[in-house]
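Please read the structure below before turning to the comments.
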Amino acid sequence: MAIERKPIRRGGIRSAGYDRGARVLEVEFDNGSVVQHSGVGDEIGRRFLASASPMSYYKDNIEEEFTIRRIK
């Protein structure tokens, strides 16, 4: 599944994208690793992508709440 990521470049996150239909959030970190979280609701996805502090939002609301799969 290819998800289009947009640059974020804040707080350790290089880019991220969200697929509403599949409910999958994909995050690329500054270290080059890429993960996908499944079952992420639209509201969480939108708030994460719009967050002024995306890493904090990720750690507080996504990291341990949704199934994770390492892509790279």
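Taking a spot 7 Å from the Cα of R10 along the direction of its beta carbon, which residues of region 30-66 have an amide N less than 11 Å from it? The answer is 48-57. Per the Kirkwood formula applied to alpha carbons, the chain shows a radius of gyration over Rh ratio, Rg over Rh, of 0.90. Between amide H atoms placed 1.01 Å from N, distances below 5 Å from D30 occur with I13, R14, all of them 5 or more places distant or on a separate chain. Taking the helices alone, the chain has a mean residue ellipticity at 222 nm of -6500 deg cm²/dmol, built from -39,500 (n - 2.57) per DSSP H run of at least 4 residues and averaged over all its residues. Looking at region 1-49, the GluC sites (Glu not before Pro) that sit in a DSSP loop and have at most 15 other Cβ atoms within 10 Å of their own Cβ are E4. Taking 0.36 nm per residue of separation and subtracting the Cα-Cα distance, full extension of the segment from D30 to E65 would add 10.4 nm.
Just so you know, all these numbers are worked out from the coordinates, no wet-lab data involved. Just so you know, these numbers come straight off a predicted model, no measurement behind them. Neighbour counts are summed over all protein chains in view; Cβ atoms, including those assigned to glycine, are modelled from backbone coordinates with ideal geometry.
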